[in-house]
Amino acid sequence: MFFLSLSRIIKFSFQNFLRNFWLSLVTITIIVLTLFSVTSLIFINAITEKAMQIVESKVDVSVYFKPAVTEEQVLAVKDELKTLPFVKNVEYVTKSEALTKLREQYKDSPLILESLKELDNNPLGDTLVVNTYDTESYQKVIDAVLANSKFASLIDGQSFDDNSYIIEKLQKITNRISRIGWGVTAFFAIISVMVIVNTIRIAIYTHKDEIAIMRLVGASNRFIRGPFVFESIIYAFIGSLICFGLSYLFAVFSDPYVIEILGQSDFSILGYLFDNMLYIFGGELLGIMIISIVATSLATRRYLKV
Amino acid sequence: MVRFKNVSKIYQGHQTALKDINLHITPGEFVSIVGQSGTGKTTMVKLMLAEERPSSGKIIIGGWDIGDIKSREIPSLRRQIGVVFQDFKLLPNKTLFENVAFALEVGGEQQEKIDEIVPQVLRIVGLESKMNRFPRQISGGEQQRVVVARSLAHRPKILVADEPTGNLDSINSRDIIDLLKKINDFGTTVILVTHNREIVNDLTRRVITIENGVIVSDQARGKYIL
């Protein structure tokens, strides 16, 4: 009896779906549009976060040593810094490399080049360029170097103070952009829920006379509600599937532009899409199914009161 | 079969639809309930289908007491009563076959049985050849015949017809009444609610007349007296 009823409920839901084709199409279109807008925002957030990561990775802390400091002393500091858990990479730039870089940088400024020639010795000291896993750790690097009295005496003045200001500013911007991005996504998700709930309510409303007839011929509430609930699952499933297809196309077509913006990096929307497929579409499908089932059950309940 | 004992129905706003109704309809009877619009005829039908509950009194249909019936028992009650309405009430997205079959499917009838019964009842109402059409593809008279076929599908003991000819011309009305008589001849109790004088007078069966929610006449072989 249970399986007979279930098979009939499934049969009726497919029948309703096909025979009310335009209503089904409109409902699915709305589901696709709302899901796609949320997915697009997820993509935009991912691109923004990646862009921020790239910018962050370009900012580093340079520890400038006094010209008299020996290579062994610098390497001792380097080894010490490498043991810190938040340090990703430490690059050693010797004073001669630093001078070459400086000359290269100011090759169009004859005045500076002339001044450098006037000096007998290389005025620059060795430098350690430190990258950390996140910008918040830059201050920790500075603190770690200054906390060690043996190292502090080797450092040339306040060489990293200017960077810390930029890092702090960048950190604030990154956090704010990320918060705004996810806030907008959440706002769109709420709008999507409202739109979908109302679309389903309207779809059920168009069937209210049918529901009354079903009741009159002795259909139980479960038998009446069943096909509508299952139909909403079909809507959710097809809507999510189309949204995935659209997102795939979106990723394929926009990846060249994203690479152009971000430069050569390991990030692509298509890669992000596949890496997070379960999380994005699994979550969206589950969410939309729950919303559809709840909205359908509530909407039909209104017409099922005896 | 159908018993009303001191039944009154007062709607919200203190509007009295039925007042102290007493009647007993025995199995196999053909009863016409007549009266002008707004006298409480349709309220009686709603009470019989448990769409409404009596404000006081007792209604017994088959083994059920409508005043105490549980919500989950209502579908079973409705499967025991065939219903024909003025406005046809067919499911627009189902074919004639599917409309009739639906009444059986809701009761969990096996598919083989449905495939056997539905063409039979559609043959009784003369629409077997049109069973794959949709309601919009047939006339009003034909639609009402499908409703009669649907009401017969689960072989109900009682058939309630509420103004079944209200939207039909005289020829189609005659066809429907002939069908109801045929169904009654098979042993089904028929309760016809109408204000069609001509039909009631031609039937020469039991007539219960209601006026302002009160039974004013109950005649074994009655006429339309209002």
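What's the center-to-center distance, using Cα atoms, between the stretch A:94-125 and the stretch A:239-262 in Å?
Spelled out, the Cα-based centre of one part sits 48 Å from the other.
What is the fewest-to-most order of B:Ser151, A:Ser137, B:Ser139, B:Ser8 by other Cβ atoms lying within 10 Å of their Cβ?
Ordered from fewest to most neighbouring Cβ atoms within 10 Å, B:Ser151, A:Ser137, B:Ser139, B:Ser8 come out as B:Ser139, B:Ser8, A:Ser137, B:Ser151.
Once you sort the root eigenvalues of the Cα gyration tensor of the stretch B:1-117 as a ≥ b ≥ c, which label holds: rounded (a/c under 1.5), prolate (a/b larger than b/c) or oblate (the other case)? All intermediate terms of the calculation are to be shown ahead of the outcome.
Numbers: a/c = 2.05, a/b = 1.77, b/c = 1.16.
Because a/c hits 1.5 or more and a/b exceeds b/c, the stretch B:1-117 counts as prolate.
Report Rg(Cα)/(2.2 N^0.38 Å) for the stretch A:66-155, keeping two decimals.
Against the empirical 2.2 N^0.38 Å value, I get 1.26 for the stretch A:66-155.
Taking θ = phi - 60°, what integer Hz values does the Karplus form 6.51 cos²θ - 1.76 cosθ + 1.60 yield along the stretch B:128-137, in sequence order, with x for Gly and Pro?
Ordered by residue, 3J(HN,Hα) equals 4, 6, 10, 5, 9, 7, 9, x, 5, 9 Hz.
Can you tell me the order of B:214-225, A:37-48 when each peptide is scored by its average per-residue count of other Cβ atoms within 10 angstrom, highest first?
A:37-48, B:214-225
With 10 angstrom as the radius, rank A:Leu170, A:Leu146 by how many other C-beta atoms surround their C-beta, starting from the fewest.
If I rank by nearby Cβ atoms, fewest first, I get A:Leu146, A:Leu170.
Using the structure shown, list the pairs from B:Lys9/B:Lys130; A:Lys117/A:Lys150; B:Lys46/B:Lys223; A:Lys58/A:Lys95; B:Lys113/B:Lys182 with a Cα-Cα distance above 31 Å, or answer none.
B:Lys9/B:Lys130; A:Lys117/A:Lys150
Just flag the trypsin sites (Lys or Arg not before Pro) in the stretch A:231-306 sitting in loop per DSSP whose Cβ has no more than 15 other Cβ atoms within 10 Å.
A:Lys305
Give the relative contact order (percent, whole number) for chain A; include only Cα pairs under 8 Å separated by 6+ residues.
Rounded, it is 29 percent for chain A.
Put +1 on the Cβ of each Lys and Arg and -1 on the Cβ of each Asp and Glu in the stretch B:2-219; which of B:Leu23, B:Val216, B:Gly67 then has its Cα farthest toward the positive end of the dipole?
B:Gly67
Report the per residue volume, in Å³, of the convex hull enclosing the C-alpha atoms of the protein assembly as shown.
For the protein assembly as shown, the hull spanned by Cα atoms encloses 226 Å³ per residue.
Before anything else, pin down the relative contact order of the stretch A:66-155: Cα pairs under 8 Å, at least 6 apart, normalised by residue count, whole percent.
Computed value for the stretch A:66-155: 42 percent relative contact order.
Rank the residues B:His154, B:His195, B:His14 as a footprinting-exposure proxy: fewest other Cβ atoms within 10 Å of their Cβ go first. Please list the in-between numbers first.
Details: B:His154 21, B:His195 17, B:His14 6.
Ordered from fewest to most neighbouring Cβ atoms within 10 Å, B:His154, B:His195, B:His14 come out as B:His14, B:His195, B:His154.
Among bridges DSSP assigns within the stretch B:2-219, what percent are antiparallel (round to 5)?
Taking every DSSP beta bridge within the stretch B:2-219, about 50 percent pair in antiparallel fashion.
Let me know the Rg and Dmax you get for the stretch B:2-219 when you use only its Cα atoms, in Å.
17.1, 50
Return one quarter of the surface area of the convex hull spanned by the alpha-carbon atoms of the stretch B:154-226, equal to its mean projected area, in nm².
Values: hull surface 21.4 nm².
For the Cα atoms of the stretch B:154-226, the hull's average projected area reads 5.4 nm².
Just need log10 I(q)/I(0) for the stretch A:175-258 at q = 0.20, 0.27 Å⁻¹, Debye formula, equal scatterers on the alpha-carbon atoms, no solvent, rounded to two decimals.
Each listed q maps to, in turn, -1.05, -1.23.
Along its principal axes, what span do the Cα atoms of chain A show, with the longest given first and each in whole Å?
Here the Cα extents, ordered largest to smallest, are 105, 40, 29 Å.
Using only the Cα atoms of the stretch B:77-147, what do you get for the radius of gyration and for Dmax, in Å?
In Å, with Rg to one decimal and Dmax whole: 11.5, 32.
Taking the Cα centre of the protein assembly as shown as origin, work out the dipole magnitude from +1 charges on Lys and Arg Cβ and -1 charges on Asp and Glu Cβ, in debye rounded to 20.
3920 debye
Considering chain B as a Gaussian network with a 10 Å cut-off on Cα pairs, which listed residue, B:Glu142, B:Glu211, B:Glu112, attains the greatest mean-square fluctuation?
Maximum fluctuation in the GNM of chain B, among the listed residues, is at B:Glu112.
Write down the radius of gyration of the stretch B:26-83 and its Dmax, each obtained from C-alpha positions, in Å.
Considering the stretch B:26-83 through its Cα atoms, Rg and Dmax are 12.0, 34 Å.
Please name which of B:Gln137, A:Thr206, A:Gly125 has its Cα lying farthest along the dipole of the protein assembly as shown towards the positive end, using unit charges on Cβ (Lys, Arg +1; Asp, Glu -1) and the Cα centre as origin.
The residue sitting farthest along the positive end of the dipole is B:Gln137.
Restricted to Cα positions, what overall size does the stretch A:252-306 have along the principal axes? Three whole-Å values, descending.
Each principal axis gives a Cα extent; for the stretch A:252-306 these are 66, 18, 13 Å.
What fraction of the DSSP beta bridges in the protein assembly as shown is antiparallel, stated in percent and rounded to the nearest 5?
Beta bridges within the protein assembly as shown, antiparallel portion: roughly 60 percent.
Bear in mind that the values in this text are calculations on the coordinates, not laboratory data. Bear in mind that the values here come from a model prediction, so they are computed numbers and not experimental data. Here the Cβ is made from the backbone with ideal geometry for all residues, glycine too, and neighbour counts use every protein chain on show.
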